[in-house]
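Q: Below is the structure I would like to discuss, written out as structure tokens.
Every number here is computed from the coordinates shown, using simple stated rules; none is lab data. Everything quoted here is computed from the prediction, not taken from an experiment. Positions of Cβ are backbone-derived with ideal geometry, glycine not excepted, and every protein chain shown enters the neighbour counts.
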Amino acid sequence: MDADHSAALLASVQEALAQKIPLRIAGGNSKAFYGRQPAGKPLSMADHRGILRYEPGELVITARAGTPLSEIEAALDAHRQMLPFEPPHFGPGATLGGTIACGLSGPRRPYAGAARDFVLGVKIINGRGEVLKFGGEVMKNVAGFDAARLMTGALGTLGILLEISLKVAPKPHHEVTLTRSCSAQQALETMTALARQPLPLSAACFSNDTLYLRLSGSESGVRAAREKIGGDLFSDQTSFWRQVREHTHDFFKSGTLLWRLSLPPAAPLLSLPGLWFIDWGGAQRWLRNPLPADVIRATAVKLGGHAMLFRGGEHTGSVFHPLPPALLALHKRLKNVFDPQGIFNPGRLYAEL
């Protein structure tokens, strides 16, 4: 049945190419809000599921794109392993393919790495109706790009993910979360200073005048770091970091526009009104603010960063930060290589792609 489903997906792509019909690729639709709204005929990946290979001793897992993320995590948990980038689900329907296509990472990202850092290889259908394998033990793109990682965050605009191989990691033996009351500026200074030290930090955020620091590792290492850092022990850490990751924390429940600003961690506080949530040790700052997009983006650029409208938009206009002309031209060339007829999720990233 799985082979038949792969063949059916390939046939759908070939038919779309013949008829010049764009395709709107979907998994569990848990992240349908993310990015611009693509045009096209729906193509579901939900039935293309299943773990193909899992080698706990090698810390590698390979699964089909439609495999529920919860199924992947359950298999890893049985061997006390995890996806190091702590991906958000944003709903029970989250799939592995959607997770990699969106390229989103959770609170552990600054200390463990981003989603793309753990992609070893992929199997895709490209925009010529061909099945290709990249990365891992197979190949890299002949142009010098790590094509497997290019698919991470591309939102399906370069190809249809069929299979994904990921590097996984052991779960930490011990984990605690410390809190302290402080101002936002004090929190930024503390997070920046701690990031320079050899400490087992695995998450750091600030909200409601409270700094939260998670330590993960061996019991002795965590104990030593806790004594050095100080602060109060936070008892509800599992629930708290899940709420941060899944945007069920009270901050994210407001109905106003949600902006995601990516900045240098040591960047000072931005002179923008609104509600703030600081994550990733200062590198990711969430803003609830109805100000015009150009005002928010210009402010982020001044500090060496960029801003995207994460939630609350109408899936139109410039959701992601506009690209400089040279970078947009590179994106267009990549799109032309992988999807020359532009049938995969057209407009999901940018109107020009």
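Q: Let's test this: bin the Cα-Cα distances of the range 174-311 at 10 Å from zero up to the farthest pair and state each bin's percent.
A: 12, 42, 33, 12, 2
Q: Would you please state which residues of the range 57-101 a label at Ser44 would reach in this model, taking the label point 7 Å out along Cα→Cβ and a backbone N cut-off of under 15 Å?
A: Label zone hits: 66-68, 93-95.
Q: Work out the FRET efficiency for Asp294 and Arg223 from their Cβ-Cβ distance, taking R0 = 45 Å, and round it to the nearest 0.05. Provide the component values of the computation, followed by the final result.
A: Values: r = 49 Å, r/R0 = 1.08.
For R0 = 45 Å, the calculated efficiency reads 0.40.
Q: Test of understanding: ordering Asp236, Asp279 by Cβ neighbours within 10 Å, fewest first, what list do you get?
A: Working: Asp236 9, Asp279 23.
Starting with the residue having the fewest Cβ neighbours, the order is Asp236, Asp279.
Q: Would you mind telling me the antiparallel percentage of the DSSP bridges in the chain, rounded to 5?
A: Details: 56 of 61 bridges.
Beta bridges within the chain, antiparallel portion: roughly 90 percent.
Q: Got a sec? How would Leu23, Leu257 order by Cβ neighbour count within 10 Å, fewest to most? Before the final figure, lay out the partial values.
A: On the way: Leu23 25, Leu257 18.
Result, fewest neighbours first: Leu257, Leu23.
Q: Right, next: Treat the count of other C-beta atoms within 10 Å as a stand-in for reagent exposure and order Ser202, Ser271 from fewest to most.
A: On the way: Ser202 23, Ser271 7.
Ranking Ser202, Ser271 by Cβ neighbours within 10 Å, fewest first, gives Ser271, Ser202.
Q: I need the calculated FRET efficiency for the pair Lys20 and Leu52, taking r as the beta carbon distance and R₀ as 35 Å, to the nearest 0.05.
A: Result of the calculation: an efficiency of 0.60.
Q: Determine ³J(HN,Hα), in whole Hz, for all residues of the range 66-79 in sequence, where each value follows from phi through the Karplus function 6.51 cos²θ - 1.76 cosθ + 1.60 and θ = phi - 60°; x replaces Gly and Pro.
A: x, 5, x, 4, 4, 5, 4, 5, 5, 5, 5, 4, 4, 10
Q: How far, in degrees from 0 to 90, does helix 2-19 lean away from the longest principal axis of the Cα atoms of the chain, to the nearest 10?
A: Long axis of 2-19 versus the principal axis of the chain: about 70 degrees.
Q: Compute log10 of I(q)/I(0) for the range 2-170 with the Debye formula, placing one identical point scatterer on every Cα and leaving out solvent, at q = 0.09 Å⁻¹, to two decimals.
A: Cα-only, vacuum Debye calculation for the range 2-170: -0.28.
Q: From largest to smallest, what semi-axes in whole angstrom does the range 229-273 give when each is the square root of 5 times an eigenvalue of its alpha carbon gyration tensor?
A: Whole-Å semi-axes of the equivalent ellipsoid: 23, 19, 10.
Q: Now for a separate question. Determine ³J(HN,Hα), in whole Hz, for all residues of the range 263-275 in sequence, where each value follows from phi through the Karplus function 6.51 cos²θ - 1.76 cosθ + 1.60 and θ = phi - 60°; x replaces Gly and Pro.
A: Going residue by residue, I get 9, x, x, 8, 4, x, 4, 7, 7, 10, x, x, 9 Hz, with x marking Gly and Pro.
Q: Treating the angle as unsigned and between 0 and 90°, give the value, to the nearest 10°, between the Cα long axis of helix 293-302 and the longest Cα principal axis of the chain.
A: Roughly 60 degrees between the two axes.
Q: Based on the Kirkwood radius over alpha-carbon pairs, what is the Stokes-Einstein translational diffusion coefficient of the chain at 10 °C with 1.306 mPa s viscosity, in µm²/s?
A: Numbers: Rh = 21.3 Å.
For these conditions, the coefficient is 75 µm²/s.
Q: At 222 nm, what helix-only mean residue ellipticity would the chain give, in deg cm²/dmol to the nearest 500, using -39500 (n - 2.57) for each DSSP H run of four or more? Intermediate values should be presented prior to the final figure.
A: Numbers: 10 runs with 99 residues, N = 353.
Value at 222 nm, helices only: -8000 deg cm²/dmol.
Q: Using alpha carbons only, how many degrees (0 to 90, rounded to 10) separate the axis of helix 237-246 from the longest principal axis of the chain?
A: Orientation of helix 237-246: about 40 degrees from the principal axis.
Q: Considering only C-alpha atoms, what is the centroid distance from the range 45-79 to the range 179-213, in Å?
A: 34
Q: Let me ask something else. Could you tell me the ratio Rg/Rh of the range 285-353? Both radii from Cα atoms, Rh via Kirkwood. Show your work: numbers first, answer last.
A: Values: Rg = 13.8 Å, Rh = 13.6 Å.
For the range 285-353, the value is 1.02.
Q: Let me ask something else. Please report the base-10 log of the normalised intensity I(q)/I(0) for the range 13-62, using a Debye sum with one equal scatterer per alpha carbon and no solvent, at each q in 0.25 (1/Å).
A: -0.95
Q: Which whole number of Å³ per residue matches the convex hull of the alpha-carbon atoms in the range 1-85?
A: Working: hull volume 9.7 nm³, N = 85.
Cα convex hull per residue, to the nearest whole number: 114 Å³.
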